[in-house]
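> What follows is a structure written as structure tokens; I'll ask about it next.
The values are calculated or read from the model by the stated rules, or taken from the named source; none is laboratory data. From a predicted model like this one, the values you see are computed outputs, not experimental measurements. Quick reminder, even Gly has a Cβ in these numbers, built from the backbone with ideal geometry, and neighbours come from all protein chains shown.
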Amino acid sequence: MFLGEFQHSLDAKQRLAIPNELRRAWRPDRHGEAFIAAPGANGALWLWPEKTFESYAGDLGGSLVEVPAMADFQRRIFSQSAHLPIDSSGRIRLPERMLTKHGLAGSIMLIGAGHHVELFSPQGWDAEIKRLDAKQTDLLTGAAAVANSRKASS
């Protein structure tokens, strides 16, 4: 699992160092050799281990005749995603189009979010944490309800 929050800076070549704490959680046999960067549901840029992303993408299914809403979703996600190999120094290179779209430059917050990592500007992360803090009780209650529902259906 990817845990914690870290502030790192992009270098001149738009490379971002993955913190040691996150790299220690990486298992090449389970995660692969790269991240897949994709737009997240909260507007942040999400980094998925490539094998996790491929597994979730495979669960979406597919056929020659797509349901229009699923086709739109897949077109949106896959067209806005990128394969980001991790170099020997533990860095990834973020494409300019993604940095621009997500308002990332200079200093970037890397947020461990369990099975993926989210990227925010420091100001964006401050705003997000304030939003989450304001609804902490609702978040805990909702998470408990989801967990109980999953237990009941299994």
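> Would it be correct to say that Leu104 is in the same structural domain as Ala17 (by TED's automatic domain parsing) and either out of contact with any His (no Cβ under 9 Å at 6 or more places or on another chain) or at pLDDT below 85 (or both)?
Taking the combined requirement at face value, the residue satisfies it.
> Of everything in region 111-154, what is of a type in the set (Val, Ile, Thr) and assigned to a helix (DSSP H, G or I)? Give them in sequence order.
Result: Ile129, Thr137, Thr141, Val146.
> Which of the following residues is surrounded by 13 or more Cβ atoms within 10 Å (Cβ to Cβ) and in contact with a Ser or Thr (Cβ under 6 Å, 6 or more places away or on another chain): Gly124, Gly103?
Result of the check over Gly124, Gly103: Gly103.
> Next question. Scan (1) buried (at least 17 other Cβ atoms within 10 Å of the Cβ); (2) assigned to a helix (DSSP H, G or I) for the single condition Ser55 breaks and write down its number.
Failed condition: (1).
> In addition: Exactly one of these conditions fails for Gly90: (1) of a type outside the set (A, V, I, L, M, F, W, C); (2) touching a helix residue (DSSP H, G or I) at 6+ places or on another chain (Cβ under 6 Å); (3) farther than 17 Å from Phe2 by Cβ. Give me its number.
Result: Gly90 fails condition (3) only.
> Which one of these does Ala147 not meet: (1) at pLDDT below 95; (2) crowded, with 18+ Cβ neighbours inside 10 Å?
In the conditions (1) at pLDDT below 95; (2) crowded, with 18+ Cβ neighbours inside 10 Å, Ala147 misses (2) alone.
> Right, next: Condition first: touching a residue at least 12 places away in the same chain (Cβ under 8 Å) and either assigned by TED's automatic domain parsing to the domain that holds Leu132 or in contact with a Pro (Cβ under 6 Å, 6 or more places away or on another chain) (or both). Can you find one or more residues in region 34-42 that meet it?
Checked against the condition, which is being touching a residue at least 12 places away in the same chain (Cβ under 8 Å) and either assigned by TED's automatic domain parsing to the domain that holds Leu132 or in contact with a Pro (Cβ under 6 Å, 6 or more places away or on another chain) (or both), region 34-42 yields at least one hit.
> Identify, by number, the condition in (1) part of a loop (DSSP other than H, G, I, E, B); (2) hydrophobic (A, V, I, L, M, F, W, C); (3) modelled with pLDDT of 95 or more that Trp48 doesn't meet.
All conditions are met except number (1).
> Okay, moving on. Among Ile77, Ile129, Ile86, which is the only one that is touching a strand residue (DSSP E or B) at 6+ places or on another chain (Cβ under 9 Å), surrounded by 13 or more Cβ atoms within 10 Å (Cβ to Cβ), under 27 Å from Ile18 (Cβ atoms) and in contact (Cβ under 8 Å) with a residue 60 or more places away in the chain?
Only one candidate passes the filter, namely Ile86.
> Hey, can you tell me all the residues within region 1-41 that are more than 25 Å from Phe78 (Cβ to Cβ) and hydrophobic (A, V, I, L, M, F, W, C)?
Met1, Leu3, Phe6, Ala12, Ala17, Ala25
Let's see how each residue does on (1) in a helix (DSSP H, G or I); (2) among the β-branched types (Val, Ile, Thr); (3) buried (at least 16 other Cβ atoms within 10 Å of the Cβ):
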residue	(1), (2), (3)
Ala12	no, no, no
Asp29	yes, no, no
Ala37	no, no, yes
Ala41	no, no, no
